[in-house]
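The values are calculated or read from the model by the stated rules, or taken from the named source; none is laboratory data. Predicted model, so just to flag it, every value in this text is computed and none were measured. Virtual Cβ from ideal backbone geometry, glycine too; neighbours counted across all protein chains shown.
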Amino acid sequence: MTSQQSSSSNINENDNGGFIGINVPLLSNETFRQIREKRFSMLKPWSDFFDRTRISKPKDLSEATKRISHNLVYFQANYIIIVLILLVYIMITNLLLLFSVVAIGAGFYYVSKVPPNEPVSFFGGKFVADQKKLYIILGILSIILLYLSSGGSALFWIIGVSSTIILVHASLLEPSIESEFAETV
């Protein structure tokens, strides 16, 4: 057995049904939990985040840039929560989009459970497809569903509103003395 054959057999043995032949390691529940705990441990107190005594207009663009770069790192987890709140808001106000996202998620979950090299028959055996074809079909259906449910508009709304809120907050909030001291240590 040559090294090329050996490496291709390893690829097939370790195939986790990646999207169109691209194997992406799936996040385990443990890995996801660790990432979540790390992010939430970085969450700063909301009293610090909304401290009105530290809000002031920056003197110039240089100071605004320093504040933004500092606050984006310091309040990173808080800004993620803001984006998630806006995401929940847009889903609640656009129920068709919520239905579409749930349907797409359920579709991808179903297709991920299909054995990679076994064909699946639909409509009484009139349509047979393997996992790769199902992913392609689901991708096309996802684009259509998201288009019909204004997914693009919602995405740009979330990007625009969250960017505005985050940049305005980050530029107006002066760094605390404690956070500046922590950076120098």
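What the table shows:
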| item | result |
| --- | --- |
| Candidates 65, 31 - the one that is at pLDDT 70 or above and under 27 Å from residue 171 (Cβ atoms) | 65 |
| Leading residue by the ranking (modelled with the highest pLDDT) among those in segment 113-143 that are of a type in the set (A, V, I, L, M, F, W, C) and not in a helix (DSSP H, G or I) | 114 |
| Filter pass, residue 37 being in a helix (DSSP H, G or I), among the acidic types (Asp, Glu), over 19 Å from residue 75 (Cα atoms) and at pLDDT 70 or above | no |
| Top-ranked residue in segment 94-138 [being touching a helix residue (DSSP H, G or I) at 6+ places or on another chain (Cβ under 9 Å) and of a type in the set (Ser, Thr, Tyr); ranked as farthest from residue 150 (Cα to Cα)] | 112 |
| Any hit, segment 168-177, residues being without any contact (Cβ under 8 Å) to a residue 60 or more places away in the chain and in a helix (DSSP H, G or I) | yes |
| Test: residue in segment 101-112 that is closer than 30 Å to residue 44 by Cβ and outside any strand (DSSP E or B) | yes |
| Selection from segment 55-94 of residues that are among the charged types (D, E, K, R) and in a helix (DSSP H, G or I) | 63, 66, 67 |
| Set 115, 119, 58: member being over 23 Å from residue 171 (Cβ atoms), out of contact with any Leu (no Cβ under 7 Å at 6 or more places or on another chain) and surrounded by 11 or more Cβ atoms within 10 Å (Cβ to Cβ) | 119 |
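Let's see how each residue does on (1) closer than 30 Å to residue 54 by Cα; (2) within 26 Å of the chain's Cα centre (by Cα):
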{"position": "90", "(1), (2)": "no, yes"}
{"position": "103", "(1), (2)": "no, yes"}
{"position": "107", "(1), (2)": "no, yes"}
{"position": "120", "(1), (2)": "no, no"}
{"position": "152", "(1), (2)": "no, yes"}
{"position": "162", "(1), (2)": "yes, yes"}
